[in-house]
Amino acid sequence: MKQMYRIAGHATLYFCLTAPAAALEHGPHVHGTGELQVAVDSNTLTLELHAPLENLLGFEHAARTASELEVVKAMTAKLERPEMLFKLPKAASCTARPTRIESPITAASATGARMDPKKNAGGDHADLSATFSFICTRIDKLDSIEVAIFTAFPATRTLNAAVIGPRGQSAATLTPNRRVIRF
Ligand SMILES: [Zn+2]
């Protein structure tokens, strides 16, 4: 799926971003590492997280016990509070929209169904994709994003971030000690 992003202030410059679709197709993953796609378009900030479930749950199979189900629910609750995962400048006046979560495990855990192993491209591994979005009334004041995923999910050690912001494209390797994206 191709998405077009208009870069603010340069109405004639368009970038085609194919990375989100490609990221969904990735093979065996590296525990502790994830990907974060960040895009600012008009008044909307969109952040797509792709991560091994190991980073978020500590396991990569559908919940089999009551305690594992609690862990899945706790993860989902955290993902549904984007304002706790991404600290944005107050001046930008951003309001979180509902999170979209895609994962074979959360779906199977919710219904009690067995996860289809064929959906698990990495063998015993499983990923989660979550899309967070914020509407910002003063998006021109959005000059940084502190990524607090490292605090919420401490098994996350590295996030490879691709950013399409007001000043064009950039990439950054985020870690617990280098967690701020600046535009
Ligand atoms: Zn794994």
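Each value in this text was obtained by applying a stated rule to the coordinates, not by laboratory testing. Just so it is clear, the model here is predicted, and its values are computed rather than measured. When we count neighbours, we look across all protein chains shown, and the Cβ atoms used for this are built from the backbone with ideal geometry, even at glycine.
Below, the figures for the structure above:
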| item | result |
| --- | --- |
| Net charge over other residues, Cβ less than 12 angstrom from the Cβ of Phe59 (K, R count +1; D, E count -1) | -3 |
| Sorted by Cβ density within 10 Å, fewest first, the residues Ile145, Ile135, Ile105 | Ile135, Ile105, Ile145 |
| Candidate aspartates and glutamates - alpha carbon under 19 Å from Lys78, same-chain residues fewer than 8 apart omitted | Glu35, Glu48, Glu54, Glu60, Glu68, Glu70, Glu102, Asp127, Glu146 |
